[in-house]
Amino acid sequence: MEQLIQKLKEEIIVALNLSEMKPENIDEKAPLFVDGLGLDSIDALELTVLLEKKYGLKINTAEEGKKVLYSVRSMAEFITVNNKS
Amino acid sequence: MVIVDNKSVYSGTSADFGEFSASIYKHFTISYPKFHKMDNLSKLAFLSVELLSGSKKSDHKYKGDEIGIILMNSSSSLDTDRHHQDTIIDRSNYFPSPSVFVYTLPNVAIGEISIRHKIFGEGNFFVMEKFNPQFIVSYIQQLFYNEIIKCCIAGWVEIDGNDYESVVFLIEKTDRTDKGIANFEPGTIQKIYNKMK
Amino acid sequence: MTDVFISSDNIITSLGFSTGENAANMLADNTGIQLTENERIAPVPFYASLINSEQLYDRFSTFDDPDKFTRFEQLAICSLKDALSDTEIDFTDSKTLFILSTTKGNIDLLEKENEHKFGRERIYLWNTARLLQSYFKFLNEPVVISNACISGVQAIITGARLIRANLFENVVINGTDIITEFVLSGFNSFQSLSTGPCRPFDKTRNGLSLGEGSGTIILTSKPVMSGGTNYILVGEGFSTNDANHISGPSRTGEGLFIAINRLLKKSPLTVDYISAHGTATLYNDEMESIAITRAGLQSVPINSFKGYWGHTLGAAGIIESIMGIWSIKNSVILNTKGYNESGVTNPIFIVNKPVQKEINTCLKIASGFGGCNAALIFYKK
C-alpha cells in the first residue's frame, strides 16, 4: 500500500502538471479537491483517465468518483480492492 | 528574448519553448502554479501579459469589466490540436486527455489572463494570416469610442511548435501630452512588432 | 449611428439545406440527432446530428467539383452560395468584409488518411478563410473569429460594430463546424455527452449532443426589408468573461449576467423572447437560468434549439440567431425539443410547445469554454 501511494503521488504530479509539488508535500489523507491540493473539475477528469490508463479501472458513477478521488489514500484503496478481484 | 517598453530585459538560451517559458517564469520569480497546467499558447500569452502588467500596474486603476482582451494569431490553437490528435491516433492506446482538449480553443488563453487579473470585459480572438495592425487598431478604437472598455490588453500571440512570437500592448485613454507614451496607431505598433523580427 | 440590417441568411444542418427546410422540420418537431455508428468518429455508437456526406457531395456537384474541397469547405461554400444568391448587393468591392466563425475548421486534416490530400497549409484557419474569400471574390482580407461556443454570436457582434464604425458597408459571416473524431473524443473525455438526444433545461438532462452545421448571415448598412414589410436589424451586443474557470461555467452566472445587463442598460429595446445557449449540460443550463433571473428576465419566453440539431459549436451562434430572427419574422416561438419538466433551480419561462405571438425583439445568448459569454439583440422595425 505505501509503495502504491508513493507511486500514485508521482503519477498525479506528472498527470496534473503540479511541477512545484514534490511527493512528500502531498498528504495522502488530505482531500484532493477544494482544500488540500485545491484541484478542480478538469483535474478530476484527468485522474479518472489516469486510473483507466495505468490501472485499467473505470469509475462508473459520479458518487463513486467522489469517494474514490477523495484523497490519494482512497485512490490507492480503490486500486488495491479492484485489482484483487 | 524578452523586450519590455523598448528595453531588452531577458535573453533565454533555449530555443525550445517549454524550456524558454520555464526560464522566464523562474527569472521573473512569477508565482502562479496554474501556469504549469497551461498549454504553450496560454503560457506565451500569460507570460507576455504578466511582464506587461508588472511594468504598468493598471490592475487597480480600472474595474474588471472596463478592461478588454483582444488577441490575434495565425495558427489558432493548432500547436495543442496536434497534441490532442496524438492521444487518439492509436485505438489500442486511446486516452484523450481533458486537460489537453480544453486548450484546443485559442480563446482559452484569454480566459487564463482573465482569471489571473480578474478581467470581465470584452474578449475576442481573431485569426489572420499575419499580424494586422490596421484591423486590430480600428477594432479596438471603436471599442474605446463606444465606451465599451476603458483599457485594453491586445496583441499578437503566435505559436506553432518551436516557432513562436508574441507582442502585447496595454492601451489606455490618456492625455496626449504624456511623454514617452506611444499613440495606438497602426504604424506605431507595426514598428514595435518589427523590432522583434 | 449607422443602422445594421440583415439582408439574407442560410442554415445547413441534418434538418435541411436552407433556413426554410430547417424551420419546417423544427415546426414538425423533428430532430436530426440520431444514434450514429461511425468507426471513423468513435469506437462506439454515439448520439449526434450529422449532415449526410453523400447529399452534400451531390448538391455540391451541381455547381462545382466536390473533390477539390474538404467537407468543411463544401459545407461553408453551399451555405454562403445560398445566402449570397438571395441578395442583390455587390459584395466584391472594398466595402465588404468576410468573417468566418469556427472553432476547429478543417480539423479532420490532422487525421492520417487526410494529411496528404490537401497539403500542409490547408488546415490553418486563415487559409480556409482565404479559400472561401477567393471562391466568392471578396476583396478584403478575411477575419476568422474563434471564441469557442460563442464564436457565432461574437462574429455578428463584431460585424455589426465594424459597420456602425463605418469601416465596412457589408459583412458576410459564415459559421461552420464539423464533427470529427477530434471533437467527439474531446467532449467525451469531458464526460459531457448525453446518453440520448440532449434535453435542454430538463430534469433528466445529462449532457449535450454534438451537431454539424453551417450558417451564413449577411449584414449591411443598406436598408433592405428581409422580414416581409419589416426591416430586421442587429442591435447592441456584448461579450464578457467569467474570470473564474476555463471550462466550468460560473456558479453565479457572473459573466453572462454582466453581458445581458450591459445590453439592457445600453439598448432601449425590451426583450420579447430569448434564444438560449441551452446545451443541456447540468452546469450550463443552471448557470443560464441564474443569469437570466439576475437580469430580471425570468418571465420572458426562452427556448433552446439544441434538441433539434445538437451543439454545432462555431456555427451555433449563427444558426440559432437566424432561427431567432425567423421567429421574429414568423411570429412563432418554437418548442424546446427534449424539454419536459424543469431541471433548473430558478423558475424561468421555458417554451415547451410552439407559441404564436408578435415578437419584436430576440435576445441571443451564448457561453463557452474559456469562460466567455455573449449577449446580442435583434429587432424588427
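Throughout, read-outs are computed from the coordinates displayed, never taken from laboratory work. Remember, it's a predicted structure, so these values are computed and weren't measured experimentally. So basically every Cβ, Gly included, is an ideal-geometry build from the backbone, and we count neighbours across all protein chains shown.
Calculated mean residue ellipticity at 222 nm for the protein assembly as shown: -11000 deg cm²/dmol, from DSSP H runs with n ≥ 4 weighted as -39500 (n - 2.57), summed, divided by the residue count and rounded to 500. In loop segments of segment C:220-289 as defined by DSSP, the trypsin sites (Lys or Arg not before Pro) with at most 16 further C-beta atoms inside 10 Å of their C-beta are C:251. In terms of Cα atoms, the Rg and Dmax of segment C:71-177 work out to 14.0, 45 Å. Size descriptors for chain C, from the alpha-carbon set: Rg then Dmax equal 19.1, 54 Å. If you run the Gaussian network model on chain C, springs between alpha carbon atoms under 10 Å, then out of C:223, C:43, C:66 the most flexible one is C:43. Between residue B:191 and residue C:341, the modelled labels are 6.9 nm apart [label points 7 Å from Cα along Cα→Cβ]. If you run the Gaussian network model on chain B, springs between alpha carbon atoms under 10 Å, then out of B:39, B:65, B:86 the most flexible one is B:86.
Of the beta bridges in segment C:100-223, as assigned by DSSP with both residues counted there, near 60 percent are antiparallel. Residues of segment C:280-315 with amide nitrogen under 17 Å from the 7 Å Cα-to-Cβ point of residue C:203? What the label zone holds, given the 17 Å backbone N cut-off, is C:282, C:286. Taking the Cα centre of segment C:5-220 as reference, the dipole from Cβ charges on Lys and Arg (+1) and Asp and Glu (-1) amounts to some 660 debye. For residue C:86 and residue C:40, a Förster radius of 35 Å and the Cβ-Cβ distance give a FRET efficiency of 0.55, rounded to the nearest 0.05.
The alpha carbons of segment B:2-196 stretch over 65, 36, 31 Å along the principal axes, in descending order.
Residues in segment B:113-137 near a label at residue C:1, defined as backbone nitrogen under 19 Å from the 7 Å Cα→Cβ point? Answer for this model: B:122-123.
Relative to one another, the C-alpha centroids of segment C:266-318 and segment A:1-41 are positioned 39 Å apart. The Rg/Rh ratio for segment B:114-189 is 0.97, where Rg is the radius of gyration of the alpha carbons and Rh is the Kirkwood radius. Kirkwood analysis of the Cα pair distances in chain A returns a hydrodynamic radius of 12.8 Å. Using the Cβ-Cβ distance between residue A:67 and residue A:19 with R0 set to 22 Å, the FRET efficiency works out to roughly 0.20.
Loop only by DSSP, 12 or fewer other Cβ within 10 Å of the Cβ. Give me the trypsin sites (Lys or Arg not before Pro) in segment B:1-91 that pass, ordered by residue number.
Working: sites: B:7, B:26, B:34, B:37, B:43, B:56, B:57, B:61, B:63, B:82, B:91; in loops: B:57, B:61, B:63.
Passing both the DSSP loop test and the Cβ count: B:57, B:61.
Considering only C:63, C:201, C:182, the mean-square fluctuation computed in a Gaussian network model of chain C, springs between alpha carbons under 10 angstrom, is largest for C:63. For a 21 Å ceiling on Cα separation, which of these pairs sit above it: A:29/B:118; A:53/B:26; C:222/C:380; B:37/C:306; B:130/B:195? The answer is A:29/B:118; A:53/B:26; B:37/C:306. In summary, the lysines within cross-link reach of residue C:112, defined as a Cα separation below 22 angstrom excluding same-chain residues under 8 places away, comprise C:68, C:104.
Restricting to the protein assembly as shown, compute how many DSSP beta bridges are antiparallel as a %, nearest 5. Please report the intermediate quantities before stating the final value.
On the way: 55 of 85 bridges.
Beta bridges within the protein assembly as shown, antiparallel portion: roughly 65 percent.
The convex hull drawn around the Cα atoms of the protein assembly as shown, when projected onto a plane and averaged over every direction, covers 28.8 nm².
Based on the reciprocal of the average 1/r between different C-alpha atoms, the Kirkwood radius for segment C:1-129 equals 17.0 Å. Mean projected area of the convex hull spanned by the Cα atoms of segment C:5-220, taken over all viewing directions: 12.7 nm².
Each label point was placed 7 Å from the Cα along the Cα-to-Cβ direction; for residue C:270 and residue B:181 their separation is 4.4 nm.
A simple charge model with +1 on the Cβ of Lys and Arg, -1 on the Cβ of Asp and Glu and nothing else charged puts the dipole of chain C at about 1020 debye relative to its Cα centre. Relative to the current alpha-carbon distance between residue B:4 and residue B:82, full extension at 0.36 nm per residue lengthens the span by 25.0 nm.
For residue C:337, a cut-off of 12 angstrom between C-alpha atoms picks up these aspartates and glutamates, skipping any fewer than 8 places away in its own chain: C:29, C:202. Find which of C:332, C:299, C:317 sits farthest along the positive direction of the dipole of segment C:235-380, computed with +1 on the beta-carbon of Lys and Arg, -1 on that of Asp and Glu, about the Cα centre. Value computed over the given set: C:332.
Label sites at residue B:62 and residue C:29, each approximated as a point 7 angstrom past Cα along Cα to Cβ, lie 5.0 nm apart.
Please report the orientation-averaged projected area of segment C:164-217, defined via the convex hull of its C-alpha atoms, in nm².
Working: hull surface 24.5 nm².
Spelled out: convex hull of the Cα atoms, projected over all directions, averaged, 6.1 nm².
Assuming charge only on the beta carbon of Lys and Arg (+1) and of Asp and Glu (-1), the dipole of chain B about its Cα centre is about 620 debye to the nearest 20.
If one computes P(r) from the Cα atoms of segment C:222-350, what percent of pairs lie at distances over 22 Å? Intermediate values should be presented prior to the final figure.
On the way: 3166 of 8256 pairs.
Considering segment C:222-350, 38 percent of its Cα-Cα pairs are separated by more than 22 Å.
Counting only DSSP beta bridges whose two residues both lie in segment B:47-190, roughly 50 percent are antiparallel.
Between amide H atoms placed 1.01 Å from N, distances below 5 Å from residue B:4 occur with B:9, all of them 5 or more places distant or on a separate chain.
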